[in-house]
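The values are calculated or read from the model by the stated rules, or taken from the named source; none is laboratory data. Computed from a predicted model, the values in this text were never measured in an experiment. Backbone-built Cβ (ideal geometry, glycine too); neighbour counts: all protein chains shown. Just the protein is used for accessible areas: all its heavy atoms, side chains included, with ligands, DNA and RNA removed. Shrake-Rupley method; radii C 1.70, N 1.55, O 1.52, S 1.80 Å.
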Amino acid sequence: MDNRQETLNTEHVQWKNMASILLSRKLGYQRLLTDDTIRIRLQFFCIYIIFSFVSAGMTVVNIFTGFRLLMYSTLIFGIANIINVVLCLICEFTEKLTRYLFSTEIVLMFTWFAIMGEPEGFSVIWVVLLPTCGLLLYRLKYGALVSMIQCLILIFLFWTPWGRALLQYPYTASFMLRFPMLYLAFFSLGVFFEFVRHTTQTELVTARKEFEYLYNHDALTGLYNRYGFNLNINALTGKENTDGFAFAIFDLDHFKNINDTYGHMNGDVVLKTVGTGVSRMVGENGIVSRWGGEEFAILFHDPDQAIRICQDIIRWRRESDIKLDGQSCSITISAGLLLVPAGKQLATSEIITMADANLYDAKESGRNRMIVSSL
Ligand code: GH3
Ligand code: MG
Ligand code: MG
């Protein structure tokens, strides 16, 4: 249960955590799908590592095949990528800085490879992959901008006399005519794929948020349901209780009579009214849930506030009637409250059992009241 909640939190994840996200298949994959910041960071991180290895491999190949200039180029690019990885790990790099740094490196290397053309005009060919990578890394707008800059450089080098004068390799006229068009074709495909990916992700994130809300909340009152509430209380009881907290269960008195007299629809109105009222009175001091039927549970962050707020709720129910079918109805409420002072630790089930016993006593001793106990 806790694990699941963890996967839904999209808290800030630092570069340092990339390795652990990569290693944790469940967490990593889910976060890749739903959190764009993490996806982009993870992609940068992986691409730097992949480029470091590929450049190292190409450098070795270039040493053995005797392409010295190309060897220096791949070596420099490899070193630049290793520096990128190290920077990611030691600095709190912003996505913006990373993206400007990497796109500048790529554009420079791309231009240099296109001018140099070694070996046998090959090095320029792989750059048709860049738009797809760029769009995935930089999102649609910036990715398209970088890819267009690269395309303009290519057009300048291959289609203008000034550009051609810079080329160090004798590309054939047919290659120079066709290659920018091939690049444009890959660029268009990249835009299309990125658009589909982005739309799919947006839909998935929206559906996930709705699903998350639905399984955590009660449909009638909009409060947390028991599952959502359990996540909160388990988080508190699971850790060392440094500040103390309190747990209360409220139960409407003789609620069955309301249903029997005014009908279920009016019963629902009462539940909504009480849920809204309790939630308003608790405010920032705790978490309110619809525990079940006509029962509400409250987790108070501060045990000192809990008694006062619970008394206020009981007084509010006693003193203000609810209008049903034009008639004023008095609907009272009973409560069982358990105070858990700082430093005390207890399992969730024991806390619930003790608060429930207090509620039972409140009912037994006449309803419309609260019984409090402390650990
Ligand atoms: P007590 O003071 O002992 O708590 O008596 P009570 O009548 O409130 O308790 P009881 O457990 O006998 O009845 C609870 C009623 O709550 C029965 C059930 O029909 C009603 N109830 C539970 N959920 C809903 C709901 O969602 N809407 C409506 N209208 N009624 C509900
Ligand atoms: Mg009940
Ligand atoms: Mg009741």
Study note, to complete from the structure: Once normalised by the length of segment 130-175, the mean sequence separation of its alpha carbon contacts under 8 Å that are 6 or more apart gives a contact order in percent of 21
Review point. Which whole-number percent is the relative contact order of segment 197-282 (Cα, under 8 Å, 6+ apart)?
Key: 23
Review point. Once phi is turned into ³J(HN,Hα) by the Karplus curve 6.51 cos²θ - 1.76 cosθ + 1.60 with θ = phi - 60°, what whole-Hz value does each residue of segment 340-350 show in order, with x for glycine and proline?
Key: 10, x, 4, x, 8, 10, 8, 5, 3, 4, 5
Exercise for review: Find, to one decimal place in angstroms, the Kirkwood hydrodynamic radius of segment 268-375, where the mean of 1/r is taken over every pair of different Cα atoms and then inverted.
Suggested key: 14.5
Check your understanding: According to the Cα gyration tensor, what semi-axes, each the square root of 5 times an eigenvalue, does the equivalent ellipsoid of segment 324-375 have, listed from largest to smallest in whole Å?
Key -> 30, 11, 9
Review point. How large is ³J(HN,Hα), in whole Hz, for each residue of segment 155-169 in order, when computed from phi with the Karplus curve 6.51 cos²θ - 1.76 cosθ + 1.60 and θ = phi - 60°, using x for Gly and Pro?
Key: 5, 4, 5, 9, 10, 10, x, 5, x, 4, 5, 7, 5, 9, 10
Practice item. Give me the distance in nm between label points sitting 7 Å out from Cα along the Cα-to-Cβ direction at ASP304 and ILE76, one decimal. Key: 6.6
Review point. What is the count of Lys pairs in the chain whose alpha carbons sit under 24 Å apart, if the two are 8 or more places apart or on different chains?
Key: 12
Check your understanding: Where does segment 130-231 land on Rg(C-alpha)/(2.2 N^0.38 Å)?
Key -> 1.88
Exercise for review: Could you size up the charge dipole of the chain around its Cα centre, putting +1 on the beta carbon of Lys and Arg and -1 on that of Asp and Glu, and report it in debye to the nearest 20?
Suggested key: 1200
Exercise for review: Would you kindly derive the ³J(HN,Hα) couplings of segment 323-332 from the backbone phi angles with the Karplus curve 6.51 cos²θ - 1.76 cosθ + 1.60 (θ = phi - 60°), listing them in order in whole Hz, with x for Gly and Pro?
Suggested key: 7, 10, 6, x, 10, 7, 10, 8, 10, 9
Point to revise | Computed over segment 49-190, the ratio Rg/Rh where both radii use C-alpha atoms and Rh is Kirkwood | key: 0.98
Revision key, fill the gap. Each label sits 7 Å from Cα toward the beta-carbon; between THR199 and LEU152 the label points are separated, in nm, by 2.9
Point to revise | Rg and Dmax [Cα atoms of the chain; Å; Rg one decimal, Dmax integer] | key: 32.1, 99
**Study point:** Efficiency of FRET from Cβ geometry, ARG68 and ARG164, R₀ 35 Å, rounded to 0.05
**Key:** 0.90
Check your understanding: What accessible area per residue comes out for the chain, rounded to a whole number of Å², with a 1.4 Å probe?
Key -> 52
Exercise for review: Compute, for ASP302, the solvent-accessible surface of its heavy atoms (probe 1.4 Å) with the complete set of protein chains present, and express it in square angstrom to the nearest 10.
Suggested key: 60
Point to revise | Largest-first ordering by accessible area, 1.4 Å probe, given options ILE50, ILE352 | key: ILE50, ILE352
Review point. Cα-based Rg of segment 198-264 per 2.2 N^0.38 Å, rounded to two decimals?
Key: 1.66
Exercise for review: Over the chain, calculate the relative contact order: mean separation of alpha carbon pairs under 8 Å at least 6 apart, over the residue count, as a percent.
Suggested key: 12
Revision key, fill the gap. Distance in nm between THR276 and ASP260 label points, each 7 Å along Cα→Cβ, equals 2.8
**Study point:** Mean shadow area of segment 241-314, taken as a quarter of the surface of its Cα convex hull (nm²)
**Key:** 4.9
**Study point:** Computed helical MRE - 222 nm, the chain, DSSP H runs ≥ 4 contributing -39500 (n - 2.57), nearest 500
**Key:** -23000 deg cm²/dmol
**Study point:** Förster radius 51 Å - calculated FRET efficiency between SER328 and GLN43 (Cβ-Cβ, nearest 0.05)
**Key:** 0.25
Exercise for review: Positive end of the charge dipole of segment 115-217 (Lys, Arg +1 and Asp, Glu -1 on Cβ, about the Cα centre): tell me which of TYR142, GLY117, TYR171 has its Cα farthest that way.
Suggested key: TYR142
Practice item. Would you kindly give the portion of the calculated P(r) for segment 80-160 that falls above 21 Å, as a percent of all Cα pairs? Key: 34
Exercise for review: Would you work out what percent of the accessible area of the chain, with all protein chains in place, is carbon or sulfur (probe 1.4 Å)?
Suggested key: 64
